[in-house]
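Asks: One structure, as structure tokens, below. Some questions next.
The values are calculated or read from the model by the stated rules, or taken from the named source; none is laboratory data. Quantities reported herein were computed from a predicted structural model and do not represent experimental measurements. We place every Cβ from the backbone using ideal geometry, glycine too, and count neighbours over all the protein chains shown. The protein model used for the area step is the full one, side chains on, heavy atoms only, and it has no ligands, DNA or RNA in it. Shrake-Rupley method; radii C 1.70, N 1.55, O 1.52, S 1.80 Å.
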Amino acid sequence: MSAMLAASTPALAAPSRADLLIRHATVIDVEQGRALSGQTVAIRGTDILAVGADAELAKQWTATETIDAGNRYLIPGLWDMHVHFGGGPALIEENKALLPLYVAHGITTVRDASGDLAEQVLSWRGQIASGQLFGPQLFTSGAKIEGIAPVWKGTLEAGDKAGVDAALDREQRDQVDFVKITDSTLSPELFLYAVGQAKQRGLRTSGHIPMALTVSQAVDAGISSIEHLDYAYKAGVKDEAAIAADFAAGRIDRAEANRRLRSGFDRATAMQAYERFAKAGVAVTPTLDGGRIIAFLDVEPRDQDPYLAYIGPGLRATYAWRVERAAKATPEQIQARHAHYTEVAAVLPMLQQAGVQIMAGTDAGFLNSYNFPGIGLHNELALYVREGLTPLQALQSATRAGPAWFGKLDRYGAVSAGKAADLVLLERNPLEDIAATRAITTVVMRGKVYDRAALDRMLSDSKAQVAEWNAQATR
């Protein structure tokens, strides 16, 4: 009888093999805002294979490497959706040295919004993807599209529609991830033409909207994201169309246009505009911290910031022009920039209320003074909460908004089976306190584990390299 029972009992299936198990984790569901304790995550290669209760998954999986999370908090890798690399060919190595700083701060993907090193950044994108270069996943716009002889270097210059078409042809040959269009010398008409033509070609767009246009005109043309919160503020000005028309006709200069904009904000107008953004699927990248740094430089000086030890001397030198300009401001101008920051920041919860996709982005890199790669994203998220978002909403802006904008939520933005193995393990719960995103114990990027010691080595290596460059600069 016992022999018959033994023969009819199915053999237990052998455990499946993974490369990595993260056990006893509290998984943060950043879509629903839940903390799921006692979870195990099975990873093979660059993929999450399974997520579930530890008691079950520990029986089903074995792995080459196991991490005991100790009930710490596991979130998807962070995305910084607005960074810059630039400063000219002499600063290529200093820019490349910024890449590990992002990883050391839990940022596994960045979106480069164009500088003057487009060819190098496009090359880095491929090298990172193939494993030849260490750094976060890199999306880039390549060279920005501009008018003739613009203030910005490294651009694709266009003086007519044929020039815009040629620039877009070049962007497509470079296989850019999106197109950046700015307004230093590009005419308003060509700006709208470029946005519209890019959309027809299936390319996402972002940019600086000309003063002579309303933000709604850019939205109607098909712009995909609005960079910097000032433009969202501008869209909330009741007389925006009249101001744009007066500027376009030469009846007022930029200073007068800005004065009128700053005195004309209307909440009802703004909410109507933001609901239009949401309906059109236009995201907003606030880059709030960069504006705050300069606005409050008089009371929060940054020249002794310890993070300067991670920034090369050439890149630090690019900070000077904004710092010097801020230092020359009169007391009245300083008071005005404080007030303007406060007024613009108040737009953030209005965007959230209207259902606009808010994408966390820093503007970190060259030129933007003391806007540091890596730590800057955590400063940005702290401001989002200070200005009215919940910790969950801030966290979503850095984990789900970027993948949503790129159409990649099937691959990123959650700790779940089928997603990319880009993860960050935190000491504390970020749903309770957004500052918890700074308390990183481990980063998993493309399935590879970087524990706290490895992250600290990235930081110490960066600091040592900058110290060497500093010494060379003083010889």
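Asks: Kindly evaluate Leu133 against the criterion of being assigned to a loop (DSSP other than H, G, I, E, B), at pLDDT 95 or above and open to solvent by 10 Å² or more (accessible area, probe 1.4 Å).
Replies: Working: assigned to a loop (DSSP other than H, G, I, E, B): yes; at pLDDT 95 or above: yes; open to solvent by 10 Å² or more (accessible area, probe 1.4 Å): yes.
The answer is yes for Leu133.
Asks: If the requirement is being in contact with a strand residue (DSSP E or B) (Cβ under 6 Å, 6 or more places away or on another chain), among the aliphatic types (A, V, I, L, M), closer than 21 Å to Val83 by Cα and crowded, with 19+ Cβ neighbours inside 10 Å, which of these qualifies: Leu423, Leu395?
Replies: Values: Leu395 fails: in contact with a strand residue (DSSP E or B) (Cβ under 6 Å, 6 or more places away or on another chain).
Result of the check over Leu423, Leu395: Leu423.
Asks: With open to solvent by 50 Å² or more (accessible area, probe 1.4 Å), more than 20 Å from Met359 (Cα to Cα) and of a type in the set (A, V, I, L, M, F, W, C) as the only criterion, which of Ala248, Ala221, Ala309, Ala257 stands out? Please lay out each step first, then the result.
Replies: Numbers: Ala221 fails: open to solvent by 50 Å² or more (accessible area, probe 1.4 Å); Ala309 fails: open to solvent by 50 Å² or more (accessible area, probe 1.4 Å); Ala257 fails: open to solvent by 50 Å² or more (accessible area, probe 1.4 Å).
After ruling out the rest, the residue left standing is Ala248.
Asks: Which residue pairs have Cβ atoms closer than 8 Å, lie 6 or more positions apart in sequence or on different chains, and pair a first residue in the stretch 250-264 that is touching a residue at least 12 places away in the same chain (Cβ under 8 Å) with a second residue that is part of a loop (DSSP other than H, G, I, E, B) and among the hydrophobic types (A, V, I, L, M, F, W, C)?
Replies: Arg254/Met211; Ala257/Met211; Arg260/Ile252
Asks: Going by the conditions given, is Val356 farther than 28 Å from Glu324 by Cα, out of contact with any Lys or Arg (no Cβ under 7 Å at 6 or more places or on another chain), of a type outside the set (Gly, Ala, Ser) and open to solvent by 40 Å² or more (accessible area, probe 1.4 Å)? Talk me through it step by step, then tell me what you get.
Replies: Values: farther than 28 Å from Glu324 by Cα: yes; out of contact with any Lys or Arg (no Cβ under 7 Å at 6 or more places or on another chain): yes; of a type outside the set (Gly, Ala, Ser): yes; open to solvent by 40 Å² or more (accessible area, probe 1.4 Å): no.
For Val356, the condition - farther than 28 Å from Glu324 by Cα, out of contact with any Lys or Arg (no Cβ under 7 Å at 6 or more places or on another chain), of a type outside the set (Gly, Ala, Ser) and open to solvent by 40 Å² or more (accessible area, probe 1.4 Å) - is not met.
Asks: Kindly establish whether Ala162 is without any contact (Cβ under 8 Å) to a residue 24 or more places away in the chain, of a type in the set (Gly, Ala, Ser) and at negative phi.
Replies: Values: without any contact (Cβ under 8 Å) to a residue 24 or more places away in the chain: yes; of a type in the set (Gly, Ala, Ser): yes; at negative phi: yes.
Yes, satisfied.
Asks: Determine which single condition Thr140 fails, assuming it passes every other condition in (1) free of Cβ contacts under 8 Å to residues at least 40 places away in the same chain; (2) open to solvent by 10 Å² or more (accessible area, probe 1.4 Å); (3) under 21 Å from the mean Cα position of the chain (by Cα).
Replies: Of (1) free of Cβ contacts under 8 Å to residues at least 40 places away in the same chain; (2) open to solvent by 10 Å² or more (accessible area, probe 1.4 Å); (3) under 21 Å from the mean Cα position of the chain (by Cα), only one is false for Thr140: (2).
Asks: Within the set of pairs 6 or more residues apart or between chains, which connect a residue that is within 27 Å of Thr64 (Cβ to Cβ) and in contact (Cβ under 8 Å) with a residue 24 or more places away in the chain inside the stretch 23-39 to a residue that is open to solvent by 30 Å² or more (accessible area, probe 1.4 Å) and among the aromatic types (Phe, Trp, Tyr) with Cβ atoms less than 9 Å apart?
Replies: Once the first residue is within 27 Å of Thr64 (Cβ to Cβ) and in contact (Cβ under 8 Å) with a residue 24 or more places away in the chain and sits in the stretch 23-39, its partners that are open to solvent by 30 Å² or more (accessible area, probe 1.4 Å) and among the aromatic types (Phe, Trp, Tyr) give Ala25/Tyr73; Thr26/Tyr73; Val27/Tyr73; Ile28/Tyr73.
Asks: Only residues that are under 15 Å from Ala417 (Cα atoms), without any contact (Cβ under 8 Å) to a residue 60 or more places away in the chain, open to solvent by less than 40 Å² (accessible area, probe 1.4 Å) and outside any helix (DSSP H, G or I): list them for the stretch 45-67, please.
Replies: Gly52, Trp61
Asks: May I ask you to say which residue of Val195, Val176, Val151, Val215 is touching a Phe, Trp or Tyr at 6+ places or on another chain (Cβ under 7 Å), β-branched (Val, Ile, Thr) and either closer than 22 Å to Asp363 by Cα or surrounded by 19 or more Cβ atoms within 10 Å (Cβ to Cβ) (or both)?
Replies: Working: Val195 fails: touching a Phe, Trp or Tyr at 6+ places or on another chain (Cβ under 7 Å); Val176 fails: touching a Phe, Trp or Tyr at 6+ places or on another chain (Cβ under 7 Å); Val151 fails: touching a Phe, Trp or Tyr at 6+ places or on another chain (Cβ under 7 Å).
The conditions single out Val215.
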